[in-house]
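The values are calculated or read from the model by the stated rules, or taken from the named source; none is laboratory data. Bear in mind that the values here come from a model prediction, so they are computed numbers and not experimental data. When we count neighbours, we look across all protein chains shown, and the Cβ atoms used for this are built from the backbone with ideal geometry, even at glycine.
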Amino acid sequence: MPVEATSYRPLTSAEIEQLEARGCTAQVWQNVEVAEKFDPSRLRDVTFSGNVRLGKLEGSVDCGNGVEKPAGVYGTYLADCIVGDGVRIANIGSHIANYSIGAGACIEDVGTLATGADATFGNGVEVEALNEGGGREVTLFNELSAQFAYLQCLVRWRPKLTERLDNLANAAANQAHGNRGTIGPAARVLSVARIVDVNIGASAVVRGAASLENGTILSTTEAPTLVGAGVLAKGFIVAEGSSVDEGAILSNTFVGQGCQIGKQFSAEASLFFANCEGFHGEACSLFAGPYTVSHHKSTLLIAGLMSFYNAGSGTNQSNHMYKLGPVHEGKLERGCKTGSFSYLMWPCRVGPFSVVLGKHSGTFDTRDFPFSHIGANAQGHCEMVPGLYLSTVGTVRDGAKWPARDRRKSIVKRDIIDFDIFSPLTVGRMLRGSEKLSQTYETADRSQDVVKLDGAEVRRVLLRKSIKFYQAGIELYLEDRLVQRYQTAGDQDPAAVHADAVFSEDWIDLAGQMMPQKRFEQLCDRLESGAIDSVDQLQTELATIHATYAQDEWAWVAWAYQKHFGKSPAEMTADDWQAAADSLRQKRSKFLNLVLGDASKEFNKITRTGFGVSGDDSEAEADFTAVRGTMDENKFVKQMRQQIDELVGADASSK
């Protein structure tokens, strides 16, 4: 809320005369109150309607691009408004009605800025996320997080839980309802045609938007929010530190913290959480978990759940599988990518960190086969190579880039994010996938060229290779966590599982936050029982679960290590721990060399095709080097080689 002056007083007769001489009028001058040391020369051509309060109009205001202009009110119709200290309002085409305007705000060249009776400011809007036919509605409110939305949207098999979450969301949304809008301190609202029933936070910049209706622009000094040129938005909330610009269109849509939406991107009935990016394309009933990215034209993301996702150009999905309307939905689990002009017929579910290419006319469920290549043959059938992307340079880079690209600057970061690529979630899937592959290899008819796995086709000759991919990934992860545990245990027993740790064989991903299935069920139980009875309490509970990630992970690793290697960490001797460390160095060195081998493809002769177009091969190589650099100079390659050298040195010193 804007900061009001400590006291107000009526205008004096002399001040009224000065104001009238400067073209100002009022329906009732007695309804206009001002702060002490009021300066009538700071107003010109102002019409007052209803009850209006004016703060100290002194000094200058930052109006953007380094331009300072005098505080004051010029060319404006003010109706039932409170204007804070040091505000500049100028050139209002129609009126400003029912707004509290914070200190240091600047409002210029605006057509209409008004709030009607019982405005909701986007709070309480129901978004038909994930399923365009309805049934998974998420209620918008200012404090909405990816985890709350996941619970409300996806856990529909527990109707009591859904009822409780609906009540919590509505209670939070109702707190934002009111008859007066707010423009936060130091906000800048410039060259906007129409703003109706919109709250605008501190230090926000709203510049050149076309029309904003029934929404909230959350913003803070630490994380200012931008709503820019040509934006059309209705029924929306945009969170702190985000940018919605360049002709974007939002309808019944939530944009979370640190997001970037622009270049004529269109979103309807969609949710975007932390650090998402949407340019050029279109989204409908999309549940975009953290780091969902779409940069290309002709890309339609519809009725899907995804996170840490990258959509290639022309990516499309269909939610009309049968004839009862757009009621189907799909799930691309964390870290997936879709190639150019890929097409998916929902319902489908794709396992984590997989790459989807081609036009798929059938449905499949590859959740137990992460890091897979998912292609489509000429008939549109899914062809899978399980585990192909376990040791690619792209997978390793993903793990490093996401934490580094967290744009959230707010003190409170609502979405909880676990960034690990290798985790009980993904490695648990690899364990299941490896078992399925082994069973299929043992039972499949040797005369078959292709076998079926959960709706996907796999060439029989690739089964053993894929098993090896998964076995290598499983062992690398388990030994890494084992050695890490030993090195950080200090005087404690490294094999000990924390008394408060929770073990579940299965882990789940709540739109960016991973946890054991049992913790998830306990969370749902507490919500249903009323032990968690507010949005703030739920957020605290989720943060507590997040803080237990490491101890829960170790409980899982101890179980999985015994399952895979046949020996519990509790049974291991000092020699066993040392053997595990030696084994890990060898596996990690092999893994990094495979990643380097994949990276080297970026520097081979084929990649240089098109460089040095006017010269011979030597000039092509020189041109490529001038533009792309050499493999030896590449930052990522240097890091990989340094890690390999450290492993080799450690291995030599241990012998």
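Figures for the structure shown
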read-out	value
Whichever residue in region 601-639 is among the aromatic types (F, W, Y) and within 21 Å of S391 (Cα to Cα) and, among such residues, is modelled with the lowest pLDDT	F636
Failed criterion for F121 (all others in (1) of a type in the set (A, V, I, L, M, F, W, C); (2) at pLDDT 95 or above; (3) surrounded by fewer than 24 Cβ atoms within 10 Å (Cβ to Cβ); (4) within 30 Å of I101 (Cβ to Cβ) hold)	(3)
Any hit, region 419-429, residues being surrounded by fewer than 20 Cβ atoms within 10 Å (Cβ to Cβ) and within 25 Å of V293 (Cβ to Cβ)	yes
Checking P494 against (1) without any contact (Cβ under 8 Å) to a residue 60 or more places away in the chain; (2) surrounded by 17 or more Cβ atoms within 10 Å (Cβ to Cβ); (3) in contact with a Phe, Trp or Tyr (Cβ under 8 Å, 6 or more places away or on another chain); (4) not in a helix (DSSP H, G or I), the condition it does not meet	(1)
For F503: the one exception among (1) within 27 Å of S307 (Cα to Cα); (2) more than 29 Å from the chain's Cα centre (by Cα); (3) assigned to a loop (DSSP other than H, G, I, E, B)	(2)
M515, sole failed condition from (1) within 30 Å of A146 (Cα to Cα); (2) free of Cβ contacts under 8 Å to residues at least 40 places away in the same chain; (3) in a helix (DSSP H, G or I); (4) in contact with a His (Cβ under 9 Å, 6 or more places away or on another chain)	(3)
Selection count, region 180-214, where residues are part of a loop (DSSP other than H, G, I, E, B) and either in contact with a Gly (Cβ under 8 Å, 6 or more places away or on another chain) or of a type in the set (A, V, I, L, M) (or both)	11
In region 269-299, residue surrounded by the fewest Cβ atoms within 10 Å (Cβ to Cβ) [restricted to those that are on the phi > 0 side of the Ramachandran plot and within 12 Å of the chain's Cα centre (by Cα)]	N275
Qualifying residues in region 151-174 (those that are part of a loop (DSSP other than H, G, I, E, B) and either free of Cβ contacts under 8 Å to residues at least 24 places away in the same chain or touching a strand residue (DSSP E or B) at 6+ places or on another chain (Cβ under 9 Å) (or both)) - the one farthest from K69 (Cα to Cα)	W157
Residue within region 354-364 that is outside the structural domain of M514 (by TED's automatic domain parsing), at pLDDT below 95, on the phi < 0 side of the Ramachandran plot and out of contact with any Cys (no Cβ under 7 Å at 6 or more places or on another chain) present	yes
Region 42-93 - residue that is in contact with a Phe, Trp or Tyr (Cβ under 6 Å, 6 or more places away or on another chain) and of a type outside the set (A, V, I, L, M) and, of those, nearest to G181 (Cα to Cα)	C81
Verdict on R405 being crowded, with 20+ Cβ neighbours inside 10 Å and of a type in the set (K, R)	no
